[in-house]
Amino acid sequence: MYRTIIIVALCLSGLAQAQEPRRSAQEVWNELYAQREGREYQFNKFLAETVKGKQPGKALDIGMGQGRNALFLAALGWEVTGFDISEVAVRQARETAQKRGLKLEASVGDVDKFDYGKQRWDLVVGMYMHQYVTRNAKKIVDSLKPGGILVIEAIHRDINRDNLQGERYGHYSNELPKVFGRLRVLYYEDTVAPADWEKSGGKPVPIVRLIAVKERAARDSR
């Protein structure tokens, strides 16, 4: 009898969970960034090293979040456009830009629907965007000007090695150089280091980094 009661309870619990409406990605990220209200985060050090000494131009920050990297670039004189699916994050980025007296073009946008343009950017930044970047690789490459640079830092898929449940994410070894094969790779690193990513808690985790350039020769015609 008790076993029957337990089974019925579990079934009812599972039915209740199944009936709960699934939250959209925008709702999830809005909630996350609402919890971060008033907190500012350090710009990405790998990005900072990459742009050191470079002439500022037009930059795109994919999935900009609260704008930590976009605002950093804007302070250096870059003409920055950033977008994110979270309207809360975009609002926070705009408010911070206004407070600092920085020019930032920030909008709410879906990474798969955003108009990247053609030969538009001198720099494209994709930090911890994982499959959202790789599945839009062609659009990103086409959007770079000749001589334009792509900078990516992200989690390696090995972080999921002991994860038997839940979401699996991250890049495979050498995935980025292959996906962005139309660009010339200037730097690629597959390492273990403290991630510029809140969930890691500052602990060393498997990460990958990529710097690639769109050559001025017409490789895109292939």
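A few notes on this one:
- Among the residues listed as 123, 176, 183, 150, the single one being among the aliphatic types (A, V, I, L, M), over 18 Å from the mean Cα position of the chain (by Cα) and surrounded by 15 or more Cβ atoms within 10 Å (Cβ to Cβ): 183
- Scope segment 37-58; condition touching a Lys or Arg at 6+ places or on another chain (Cβ under 7 Å) and within 19 Å of residue 187 (Cβ to Cβ); matching residues: 43, 46
- Counting the residues of segment 103-120 that are under 20 Å from residue 90 (Cα atoms) and more than 16 Å from the chain's Cα centre (by Cα) gives 4.
- In segment 1-38, the residue that is modelled with the highest pLDDT out of those that are of a type in the set (Lys, Arg) and surrounded by fewer than 10 Cβ atoms within 10 Å (Cβ to Cβ) is 22.
A quick yes/no check of all residues on (1) surrounded by fewer than 22 Cβ atoms within 10 Å (Cβ to Cβ); (2) farther than 22 Å from residue 181 by Cα; (3) touching a helix residue (DSSP H, G or I) at 6+ places or on another chain (Cβ under 9 Å):
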position: 52; (1), (2), (3): yes, yes, no
position: 56; (1), (2), (3): yes, yes, yes
position: 60; (1), (2), (3): no, no, yes
position: 69; (1), (2), (3): no, yes, yes
position: 86; (1), (2), (3): no, yes, yes
position: 96; (1), (2), (3): yes, yes, yes
position: 112; (1), (2), (3): yes, no, yes
position: 168; (1), (2), (3): yes, yes, yes
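- Wholly within segment 81-164, strands (runs of 3 or more DSSP E) carrying at least 2 residues that are of a type in the set (Val, Ile, Thr) and closer than 30 Å to residue 215 by Cβ: 121-127, 144-155
The values are calculated or read from the model by the stated rules, or taken from the named source; none is laboratory data. Quick caveat: nothing in here was measured; it's all calculated off a predicted structure. Positions of Cβ are generated from backbone atoms using ideal geometry, with glycine treated the same way; all protein chains shown enter the neighbour counts.
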